[in-house]
Amino acid sequence: MLLGKNEEIENILRKLQEDAPQIEGAAVVSVEGLPIAASLPPEIDDVRLAAITAAILSLGERAVQEFEKGLVDEVYVKGSGGYILVMGAGPNAVITVSASKDANLGVVRLYMKRAAEKISELI
Amino acid sequence: MKYVKVVFLGLPSVGKTSIITLLSENRVVKSYDPTVGVDFGSLSIGECEVCMWDFAGQDRFRFLWDDFVRGAKVIFAVSDSTPKNVLQTKKIIDELKEKTDALIIGIANKQDLPGAMKPNQVESILGVPTYGMVAIDPRKRVKMYSILRQALEEAVLTVSN
């Protein structure tokens, strides 16, 4: 059976969480900051998260430009309870994940990057 | 579900955050705490999920506006209804019109203050449809909600119950 793009992206996000169980939530949003697909805990407002995600990446792009550090690969935020990672998924989409504070960030990044590549082929 | 991006911009301290807080949290902002960079609120209207982007008004954040306005269907240009502020808001609107096809609506906030220009006077200067507002009056939430709803409908979106 053929799946719609959103379903395909949701499957990619689910697989991402299976491969890296330290990932507690994941979302794909448009570069304009609107939700595309998400696999998030129910208490999270996906609309606000989408806007925040796009703004984080946009500010990250500005920061690397100002510091003359090339192009942005990812933006990383560490909170007392865990991590937030944001990276581009092609020119039109952005992926964000939240991970537990004991997460292996190398593993999270690896699987996140693979997911971003798959998503960039779809959007 | 239809997701819609709506942007609020204007000079510092005109009440952008107060309007968004009134809409999304049904609460009145009592003290001025300037927005740093950008903030967000969300609201369901009919089958639309509206994401409201609250831009910091200070000059030092102005470079972010071009990026952040991308994809917006409706832009609210908020002024505090003083003559100087309205003229400055007019300049912002003129610049915006060159960069976006979004529907631009004026908000003449702080109508409760003495000397506030009337909404029709503000409208004639801004050159866009303009509505009066008092964002620190909880009774005005219904009015702001209906302004937003109407704007969404005008932006050719289906907003059914």
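Looking across region B:7-28, the residues that are closer than 11 Å to residue B:56 by Cα and free of Cβ contacts under 8 Å to residues at least 60 places away in the same chain come down to B:12, B:17. When region B:29-72 is filtered for residues that are crowded, with 17+ Cβ neighbours inside 10 Å, touching a residue at least 60 places away in the same chain (Cβ under 8 Å) and not aliphatic (A, V, I, L, M), the ones remaining, listed by number, are B:48, B:68, B:71.
Among the numbered conditions (1) in contact with a helix residue (DSSP H, G or I) (Cβ under 9 Å, 6 or more places away or on another chain); (2) within 10 Å of another protein chain (Cβ to nearest Cβ); (3) among the hydrophobic types (A, V, I, L, M, F, W, C), the only one that residue B:72 does not meet is (1). When the residues of region B:18-53 are filtered to those that are over 15 Å from residue B:148 (Cα atoms) and among the β-branched types (Val, Ile, Thr), the one that is farthest from the other protein chains (Cβ to nearest Cβ) is B:28. Looking across region B:1-17 at every residue that is surrounded by 15 or more Cβ atoms within 10 Å (Cβ to Cβ) and within 9 Å of chain A (Cβ to nearest Cβ), the one that is farthest from residue B:136 (Cα to Cα) is identified as B:3.
So for region B:6-28 (the condition being over 16 Å from the mean Cα position of the chain (by Cα) and hydroxyl-bearing (Ser, Thr, Tyr)), does at least one residue qualify? Checking region B:6-28: not a single residue is over 16 Å from the mean Cα position of the chain (by Cα) and hydroxyl-bearing (Ser, Thr, Tyr). Check region B:60-74 and report whether any residue there is out of contact with any Phe, Trp or Tyr (no Cβ under 8 Å at 6 or more places or on another chain), farther than 23 Å from residue B:139 by Cα and acidic (Asp, Glu). Yes; the residues of region B:60-74 include at least one that is out of contact with any Phe, Trp or Tyr (no Cβ under 8 Å at 6 or more places or on another chain), farther than 23 Å from residue B:139 by Cα and acidic (Asp, Glu).
Any read-out appearing in this document is the output of simple, stated calculations on the displayed coordinates, not a laboratory observation. This structure is a prediction, so every number in the text was calculated from the model and none was measured. Backbone-built Cβ (ideal geometry, glycine too); neighbour counts: all protein chains shown.
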